[in-house]
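This report concerns only the one structure given below.
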Amino acid sequence: MNNGRATLLITSVCYVRLAVSEPSVSARFVSDIFGLQRVADQDGEIDFRSDDRFRTVSLGQSSADGASVGIEVWDDAALEEVGRRLRELGFAVNGATASECRRRYVQSALFTEDASGNRLDLVVRPTRSGRRYFPPRDAGIVAFHGVGLRTTDHTRDLAFWHALGAEVSDWVGDIAYLRIDGLHHRIALYPSNRNGLLYAAFEVEALDQIMQNSYFMQESQIRIVQGPGREPASRQMFLHVEGPDGIIFSYVNGMAEIDGKPRLARQFPLAATSLCDWGSESKDIPELRAPGR
Amino acid sequence: MIQLKDVSYVRLGSPDLESAENFATACLGLQIAERGRKDLYLRSDARAHTLCYSEGDPDDQTVGFEVEDEASLQEAAATLEQLGHAVHAGTAQEAERRKVRAFIGFRDPTGNHVELVVRPEHNGRRYFASRDAGITGFSHIGLNSTDPARDERFWTQVCNARVSDRIGDIPLMRVNAIHHTIALVRAPKAGIQHINHQVETSDDVLRSYYFLNERRVPIVFGPGRHPTSGARFLYFRGPDGMIFEYSVGVDEIEDEATHRPRQFGFEPTSFCMWGSKPAGMTLPNS
């Protein structure tokens, strides 16, 4: 996974910046309902914490600086290497100005887009917080876990992620689960007819919190787009819930760890039983659905 | 004192054995052990049967508990008669129908029909489920009580049950290390309130939730988790209104000598720590 380097190129998915129509309305969902800690409101973005990082979610107006997903890069040398590899493959890579880095709470960054047009910030030294995470309600959130991304060109997008050192853990149809550390996946690419973030996933302590949040959402009349369920490939339990503007936030727990031994990616058919072991189905989100149901 | 070792079986009357069989195999997932002319024997574990439907009145409900040997059985009969309970000594033919060596029948103070049995049959072949519900065995019952305090005294003083925890004045009682084998339930008349089968994992509880929902089996409580025993559970309704439960992860009482029953308030969170609410099933005290 290190592509012959002594250290990894990328180490985590470290934030999502979302462009929404009414940040204050979405902010209420993210804090009061979903349970993240609101920490800052500056430069037109509202920031939320989910763990010891300064922020893992930012909400801004749909505008020029728009949405992006932050990928933490090992160091500046790795950032240079990643930039070189992406340019070689024909992806546009741009440096970030000091103010753009400040807005993202990072020390240095490169901006790029995958083949589908998903904007990715490759960042070095994202800001941590000295105070422990203190959420507004007991949702049991432990950490920001990863993202699901929509892809319109999964061949080119896979080449993009391979260049960053990610590997496919398993396939469900053409859905690719991408591994960047010791866990089954941190990024999942879902074939779609458009680009964009499909979901942002937050790890909770245990099944208890998945289920408690499920009943909490039902009582709060928040739409559950899928779950409670369990992905057969990764063994991860999930609950996908929908906030304003159709953004999907997920509670997850129990993902399989993968040791360093060489391992072939397994192919699962694109069927309901490959997407959920328990039997949950998504009625309205095409990317989370298997055809024929 | 009557030493109960474990719960052994439940016998239920039913006017429609065919529906009972359909439910038991297609929904609940038990294995058919034997179809008699008027009896349907069902397996859930290594025992020859743990549930028996007999053609008859659905109000005829019996729970069987295993005792050590025939001497214990005679002793139990004497104890019960002394306390004024009418004791029926099972005939050889009746014992054969129950697949036990010997048994006696009596009614508890509420009027529940209880049988004490000796040497219930096991089966040499392993249990093979009719559907993959993950059942590992019949484990406990909810038992109606018209006066929980009186019945707690019967089960704990005449018999060897110990209270593991209480919700309001409802005791959850064990006869071995498992957190509870008898859960008393306040009700206007005698009867079995629910029949519990353990499953392998919490995955099985959730899978059955979606599976039974799709088959329009009424889910009456759950998926949820009991804060008392720690078990993840699902309650659903079967033939003749009987409630069945799947659960997993029931605590064991590790130190019999020092365990003190905890008191939980009579409120929904004492029954489910996840937030599920009973639907079509009354909570034990109401």
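A few notes on this one:
- When B:Leu206, B:Leu184, B:Leu212 are checked against the criterion of being of a type in the set (A, V, I, L, M), within 16 Å of B:Arg153 (Cα to Cα) and open to solvent by less than 10 Å² (accessible area, probe 1.4 Å), B:Leu184 stands alone in meeting it.
- Pairing residues of the stretch B:202-221 that are more than 7 Å from chain A (Cβ to nearest Cβ) with residues that are part of a helix (DSSP H, G or I) and not charged (D, E, K, R), at Cβ distances under 6 Å and at least 6 apart in sequence or on separate chains, gives B:Val217/B:Cys27.
- Strands (runs of 3 or more DSSP E) enclosed by the stretch A:82-142 - at least 2 residues per element that are in contact with a Ser or Thr (Cβ under 7 Å, 6 or more places away or on another chain): A:119-124
- Every residue from the stretch B:28-63 that is outside any strand (DSSP E or B) and in contact with a Lys or Arg (Cβ under 6 Å, 6 or more places away or on another chain): B:Gly29, B:Ala48, B:His49
- Per-region count, the stretch B:213-243, residues among the small types (Gly, Ala, Ser) and part of a strand (DSSP E or B): 2
- All positions within the stretch A:182-226 that are under 17 Å from A:Ala256 (Cβ atoms) and surrounded by 19 or more Cβ atoms within 10 Å (Cβ to Cβ): A:His184, A:His185, A:Arg186, A:Ile187, A:Ala188, A:Ala201, A:Glu203, A:Val204, A:Leu207, A:Ile210
- Within the stretch B:222-239, if we keep just the residues that are at the interface with chain A (Cβ under 9 Å from one of its Cβ atoms) and in contact with a Phe, Trp or Tyr (Cβ under 8 Å, 6 or more places away or on another chain), the residue that is nearest to A:Ser280 (Cα to Cα) turns out to be B:Pro223.
- Counted residues, the stretch A:247-264 - those being open to solvent by 40 Å² or more (accessible area, probe 1.4 Å) and either small (Gly, Ala, Ser) or at positive phi (or both): 1
- For the stretch B:61-93, filtering for residues that are in contact (Cβ under 8 Å) with a residue 24 or more places away in the chain and not charged (D, E, K, R) leaves 14.
- Among the residues of the stretch B:65-108, the ones that are more than 15 Å from B:Ile2 (Cα to Cα), part of a loop (DSSP other than H, G, I, E, B) and not small (Gly, Ala, Ser) come to 5 in all.
- Check on A:Gln218, without any contact (Cβ under 8 Å) to a residue 60 or more places away in the chain and either within 14 Å of chain B (Cβ to nearest Cβ) or assigned to a helix (DSSP H, G or I) (or both): yes
- For the stretch B:261-273, the candidate set comprises residues that are assigned to a loop (DSSP other than H, G, I, E, B), in contact (Cβ under 8 Å) with a residue 24 or more places away in the chain and open to solvent by 50 Å² or more (accessible area, probe 1.4 Å); within that set, the residue that is farthest from the other protein chains (Cβ to nearest Cβ) is B:Pro261.
- Filter result for the condition that a residue is touching a Lys or Arg at 6+ places or on another chain (Cβ under 9 Å), open to solvent by 20 Å² or more (accessible area, probe 1.4 Å), of a type in the set (D, E, K, R) and at pLDDT below 95, over A:Asp41, A:Asp65: A:Asp65
- Pick from the stretch B:138-168, criterion open to solvent by less than 30 Å² (accessible area, probe 1.4 Å) and of a type in the set (D, E, K, R), ranking: farthest from B:Asp251 (Cα to Cα): B:Asp151
- Residue within the stretch A:187-204 that is closer than 30 Å to B:Arg225 by Cα and over 14 Å from the mean Cα position of the chain (by Cα) present: yes
- For the stretch B:20-37, the criterion of being surrounded by fewer than 21 Cβ atoms within 10 Å (Cβ to Cβ) and more than 26 Å from B:Gly134 (Cβ to Cβ) is met by at least one residue.
- Yes/no for B:Ser276 being within 12 Å of chain A (Cβ to nearest Cβ), touching a residue at least 60 places away in the same chain (Cβ under 8 Å), open to solvent by less than 30 Å² (accessible area, probe 1.4 Å) and in contact with a strand residue (DSSP E or B) (Cβ under 8 Å, 6 or more places away or on another chain): no
- The strands (runs of 3 or more DSSP E) located wholly in the stretch A:222-293 that include 2 or more residues which are within 14 Å of chain B (Cβ to nearest Cβ) and free of Cβ contacts under 8 Å to residues at least 40 places away in the same chain occupy A:237-242.
- For B:Thr258: the one exception among (1) surrounded by fewer than 21 Cβ atoms within 10 Å (Cβ to Cβ); (2) at pLDDT 95 or above: (2)
- Unmet criterion (only one of (1) part of a loop (DSSP other than H, G, I, E, B); (2) within 14 Å of chain A (Cβ to nearest Cβ)) for B:Ala190: (2)
- Residue tally, condition touching a residue at least 60 places away in the same chain (Cβ under 8 Å) and under 22 Å from B:Phe266 (Cα atoms), over the stretch B:173-186: 9
The values are calculated or read from the model by the stated rules, or taken from the named source; none is laboratory data. These numbers were taken from a predicted model, which means no experiment stands behind them. Note: ideal-geometry Cβ built from the backbone for every residue, glycine included; neighbour counts use all protein chains shown. Areas reflect the complete protein model, heavy atoms only, side chains present, ligands, DNA and RNA absent. Shrake-Rupley method; radii C 1.70, N 1.55, O 1.52, S 1.80 Å.
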